[in-house]
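Have a look at the structure below, then the notes.
The values are calculated or read from the model by the stated rules, or taken from the named source; none is laboratory data. Everything numeric in this text was worked out from a predicted model, so none of it was measured. Cβ placement follows ideal geometry from the backbone for every residue including glycine, while neighbour counts extend to all protein chains displayed. Quick note on the areas: whole protein, heavy atoms, side chains included, nothing else; ligands and nucleic acids left out. Shrake-Rupley method; radii C 1.70, N 1.55, O 1.52, S 1.80 Å.
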Amino acid sequence: MTSSELWTRATADRYDAEETEMSSAAVLGPTLDFLAELAGDGPALEFAIGTGRVGVPLRERGVQVAGIELSEHMAAVLRRKADELTLPVAIGDMATTVVPGEFTLVYLVYNTITNLLTQDEQVECFRNAARHLTPGGRFVIELGVPPLRFLPPGQVAVPFDVSEQHLGFDTFDLVEQILVSHHFTREGDDGRYRRSNSRHRYAWPAELDLMARIAGLELERRVADWDGSPFTQDSAKHVSVWRKPS
């Protein structure tokens, strides 16, 4: 097993309720359009498929989707939405788990590659994607750009959400390229907050391009979001597409 932290049953059971914005039509529509176009008439494989936020509606669009998921609890939530015949899921880590068949598209969304906490494991994730791709197939990653420009000297934390129901900020280890996301989520009307955190290894776009080259993949396209807007030095995230040579 990789260094990814396992999602617990409690976290899996409340995941969808806490990610309603990311499951909205405004967010999912462009995501599904982008992925379905790349998949074409071929099958797609989602690394870290989770509760099926993307995989299930992509399957409903007619794309044959399979998944790999480390947490049995997250996969169990997905099973409430689609059975194994409709959307097969292998329990295992995305860096080494191999599933049958070849795919025109392998994808990894919502910053999930950062769950792999070492560079070696992230490289193996690219190699695993290449292993599953048909010649000419694509590997897609959605990932935030590390917000280090917001860190003045001596500061180690950057807020990313300050709202009525949630307070979130990231702290950074600049030597190890590890960030910890801290969450304070309001529960009920009595003013209580639930605290949680998760560790991630951040990576720059150029570092990912080198990982892709190691895996035999070539950068085909990089945009700022699923709507295809241009990627610039001010973009907060990127959607990158690497292609396996024919």
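Quick look at the numbers
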{"item": "Probe 1.4 Å, protein heavy atoms only - accessible area per residue of the range 29-161 in square angstrom", "result": "41"}
{"item": "Restricting the range 182-245 to GluC sites (Glu not before Pro) in coil, as DSSP defines it, with at most 11 other Cβ within 10 Å", "result": "none"}
{"item": "D189 paired with D41, simple spin-label distance in nm, labels 7 Å along Cα-to-beta-carbon", "result": "5.7"}
{"item": "Residues whose placed amide H lies under 5 Å from that of L6, excluding near-sequence neighbours", "result": "none"}
{"item": "Distribution of pairwise C-alpha distances over the range 152-246, 10 Å bins, in %", "result": "13, 29, 32, 18, 6, 1"}
{"item": "Antiparallel %, DSSP beta bridges [both residues in the chain], to 5", "result": "70"}
{"item": "E220-Q155 pseudo-label distance in nm [points 7 Å out on the Cα-to-Cβ vector]", "result": "3.9"}
{"item": "Extension gain, A236 back to R131 (0.36 nm per residue minus Cα-Cα distance, nm)", "result": "34.8 nm"}
{"item": "Probe 1.4 Å - accessible area at F47, Å² to nearest ten", "result": "0"}
{"item": "If the convex hull is drawn through the Cα atoms of the range 85-149, its volume per residue in Å³", "result": "105"}
{"item": "Cα-projected label distance for S163 with V98, points at 7 Å along beta-carbon direction, nm", "result": "4.3"}
{"item": "Per-residue ³J(HN,Hα) for the range 16-33, Karplus 6.51 cos²θ - 1.76 cosθ + 1.60, θ = phi - 60°, Hz, x for Gly and Pro", "result": "4, 5, 8, 10, 5, 5, 5, 9, 6, 4, 5, 8, 6, x, x, 4, 5, 4"}
{"item": "Long-range amide H partners of A44 with built H, under 5 Å", "result": "Q64, V65, A66"}
{"item": "Tail beyond 16 Å, pair distance distribution of the range 7-73 (Cα, percent)", "result": "49"}
{"item": "Dimensions (Å) - the chain, Cα atoms, principal axes, largest first", "result": "52, 41, 35"}
